[in-house]
Amino acid sequence: MKTGQEYEDSLRKLNFKVFLQGQRVENPVDHPIIRPSMNAVKMTYELAHDPQYEELMTAKSHLSGEKINRFTNLHQNTADLIKKVKMQRLLGQKTASCFQRCVGMDAINAVDSVTFEMDQKLGTEYHRRFTHFVQMVQTEDLVIDGAMTDPKGDRSKPPHKQTDPDLYVRVVEKRHDGVVVRGAKVHQTGALNSHWILVMPTVSMSKEDADYAISFCAPADAEGIYYIYGRQSCDTRKLEGSEIDVGNCQFGGHEALMVFDNVFIPWQNVFMCGEYEFSGLLVERFAGYHRQSYGGCKVGVGDVLIGAAALAADYNGANKASHVKDKLIEMIHLNETLYSSGIACSAEGTRTASGTYIIDLLLANVCKLNVTRFPYELTRLAEDIAGGLMVTMPSEKDLRHPEIGKVVEKYFNTSSSIPTEWRLRILRLIENLTLGTAAVGYRTESMHGAGSPQAQRVMIARQGNFEHKKKLAKKIAGIPVPE
Ligand code: SF4
Ligand code: FE
């Protein structure tokens, strides 16, 4: 397993082509806007070497028997699925942001079982190739960026009917030694902190879409791949050189537009090419795993938010007010409800044909649908408890100013035992989680990440088994039920 430092060094060796605010970034690792996101991924390496977290952060590879970072593991039982969620909660607590590495973990698990089943049915050899890839990922302890979401253009049309044929990633040329692909993937989490990319199709497809039914892996800095970095609310505060105003200056997440400009992929790295009838299954499984993930990561970030809200109440002298206590209890209730479904879908997991375990899809979709709502209520309650100062207070530069600093100190102090700076720090952290850079991961991503709420409703409708429930009711009500 790599150490945090080895991970950072390995990223420096990559030759990324990145644009940020209209400019080419030569060194993404040290760029002040990007760096905190690298720190968050680095934490997934550092904690794996901490004996305290060994049980959660590491696993035994079923391929090599070696100890590996759990982010590269293929889940071998329901205990693995549960540990995954616990690991994500831990990392959410340690970073208060998106630590990005889960998309790759979820992608390898989904592609593993789907390629196995494809080979069984069609006699293809995708699973052998894929296992080779996973072996490399485990031995070299790599970060993989699972890439699913295409730009999708006009939502009323399938891939092959789009006016611009590149709006879904597609094969533009098949050669004896591989394929050439073109297109883009949008809001790619952790793209610039990843070593390799694992591309999957984004929707169920028909025969006419066969060129779009493509899955492959590629080095993140391969020829023809480039990135356009996504903006986040308040991101340029990281350029001001102040620490308090950023709210969480150590950690963050990032998303980018990932462009494939005629990229050559050798056959050994292709895991689906034209088997359109398996694209829906791959989408369903990847989405299922990532919906489970949110029952861990968002809960960990929620723990930090609840802690910050409780501190804000302490610092304001409002911690004894019964309505404040009540709101904090409500926050815990909501957060633990998210966790419950994350754990439940893991405990109810089952074995797929390849041996890799998958979550209960109904419960994973319930988990994610809860996530589209509860963090909004949690942020509402945190803002309520924090008070308006979290969005109106002066900057760190004012606090540090030789003259007006004293004024800031005087008017924002609440108790002689609590430094004013502590109060400002906690309020900025709440601002960061609810409105700032971390709100990307905690709020809007809670809505749309791993699929928008309607996608979960569709899956819940499909998995909910209404007919079974109708039969139960008929029996109780004395209506004849044909056996
Ligand atoms: Fe992991 Fe959560 Fe970020 Fe997805 S949103 S990559 S599950 S931390
Ligand atoms: Fe996500």
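The values are calculated or read from the model by the stated rules, or taken from the named source; none is laboratory data. Treat the numbers as computed from the prediction; the structure is a model and nothing was measured. Note that each Cβ is placed from the backbone with ideal geometry, even for glycine, and that neighbours are counted across all protein chains shown. These accessible areas exclude ligands, DNA and RNA; they are computed on the full protein's heavy atoms, side chains included. Shrake-Rupley method; radii C 1.70, N 1.55, O 1.52, S 1.80 Å.
Brief remarks follow.
- In this calculation the C-beta distance from Arg373 to His176 is compared with R0 = 45 Å, giving a FRET efficiency of 0.30.
- At q = 0.07, 0.09 Å⁻¹ the log10 of I(q)/I(0) for the chain amounts to -0.39, -0.63, computed by Debye summation with a single uniform scatterer per C-alpha, solvent ignored.
- Positive dipole terminus of the chain, leading residue within Leu334, Thr414, Gly388 (C-beta point charges): Leu334
- Projecting the Cα atoms of Met87, Met105, Leu74 onto the charge dipole of the stretch 57-119, computed from C-beta unit charges around the Cα centre, puts Met87 farthest toward the positive end.
- Rounded to the nearest 20, the size of the Cβ-charge dipole of the chain about its Cα centre is 1140 debye, with Lys and Arg at +1 and Asp and Glu at -1.
- Computed extension length for Leu122-His160: 11.3 nm, one decimal, from 0.36 nm per residue of separation with the Cα-Cα distance subtracted.
- Alpha-carbon centroid distance for the pair the stretch 407-424 / the stretch 47-112, whole angstrom: 41
- Accessible area of His448 (1.4 Å probe, protein heavy atoms only, ligands and nucleic acids ignored): about 100 Å².
- Averaged per residue, the stretch 282-465 has 41 square angstrom of accessible surface, using a 1.4 angstrom probe with ligands and nucleic acids left out.
- Loop-located GluC sites (Glu not before Pro) in the stretch 1-103 (DSSP state not H, G, I, E or B) with no more than 10 neighbouring Cβ atoms inside 10 Å: Glu26.
- Gly224 sits among other residues whose Cβ lies under 11 Å from its own Cβ, and their net charge, with Lys and Arg +1 and Asp and Glu -1, is -1.
- Förster-model FRET efficiency, 51 Å R0, Thr444 and Glu483, C-beta, rounded to 0.05: 0.55
- Set of the stretch 12-41 residues, backbone N closer than 16 Å to the point 7 Å along the Cα-Cβ line of Gln5: 12
- Label-point separation, Leu281 to Lys406 (7 Å along Cα→Cβ), nm: 7.4
- The stretch 246-349, relative contact order in percent, only Cα pairs under 8 angstrom and at least six apart counted: 33
- Sites Gln250 and Ser415, calculated FRET efficiency, Cβ-Cβ separation with R0 25 Å, nearest 0.05: 0.40
- Rg and Dmax of the stretch 4-277, Cα atoms only, in Å: 18.8, 59
- Among Ile404, Leu363, Met38 - extreme Cα towards positive end, dipole of the chain, charges at beta-carbon: Leu363
- Charged-residue dipole, Cβ positions (Lys, Arg, Asp, Glu), the stretch 282-465 about Cα centre, Debye nearest 20: 260
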